[in-house]
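A quick write-up on the structure given underneath.
Each reported figure results from applying straightforward, stated rules to the coordinates on display, with no laboratory input. Note that this is a predicted model, so its numbers are computed, not measured. Every residue, glycine among them, receives a Cβ derived from its backbone with ideal geometry; neighbour counts consider all protein chains shown.
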Amino acid sequence: MDNETLKASIVEFRRRLYVDHDLTAIDRYLHPEFRSHNALVEPGRDGYRAFAAGFHQGLPDMTPDFRHVLADGDRVVTFIHWQATHTGPFRGIPATGKKLAFETADLFRVEDGLFIEHWDIVDRLPVATTLGMFR
């Protein structure tokens, strides 16, 4: 997969999954042996499906602003500014109706044209502060 195709694929995957709530995107874009290195994600495609479903339930209007999308060989990196409204239970916290904003940096590795491995860094402090986890 060339770099431009790789960049377009990651943007389409993230939009379909988090904006359109299309869980079938997981089977379309993630390798059967997919592994996320995020401690909150259970192993495999099903683990990532459950992780995404939690966002659909608690933050159904998630909107990504792709600040950077970089690709080189079998790796693609995104830097995304997310906005959402906390309208359902999320990470054990009942809906607050509060507007949230946070940043993520994600690295995906590609094998056989599918995303097989994922690492991320999430700035959780703004969300935790907005939801009252820190006082």
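Here the stretch 1-37 is scanned for amide nitrogen atoms under 18 Å from the site 7 Å beyond the Cα of Thr63 along Cα-to-Cβ, giving 14-21.
Mean residue ellipticity at 222 nm from the helices of the chain, using -39,500 (n - 2.57) per DSSP H segment of n ≥ 4 over the full residue count, to the nearest 500 deg cm²/dmol? All intermediate terms of the calculation are to be shown ahead of the outcome.
On the way: 4 runs with 39 residues, N = 135.
Computed ellipticity for the chain at 222 nm equals -8500 deg cm²/dmol.
Cα extents for the chain along the principal axes, largest to smallest and rounded to whole angstrom: 45, 28, 25. On a 0 to 90 degree scale, rounded to 10, what angle separates helix 44-58 from the longest Cα axis of the chain? Long axis of 44-58 versus the principal axis of the chain: about 30 degrees. A DSSP coil position with no more than 14 other Cβ atoms inside 10 Å describes the following chymotrypsin sites (Phe, Trp or Tyr not before Pro) in the stretch 88-134: Phe134.
Positive-end ranking of Thr87, Met1, Phe115 along the dipole of the chain, with charges on Cβ about the Cα centre, is headed by Thr87. Among beta bridges from DSSP that stay inside the chain, the antiparallel ones total about 90%.
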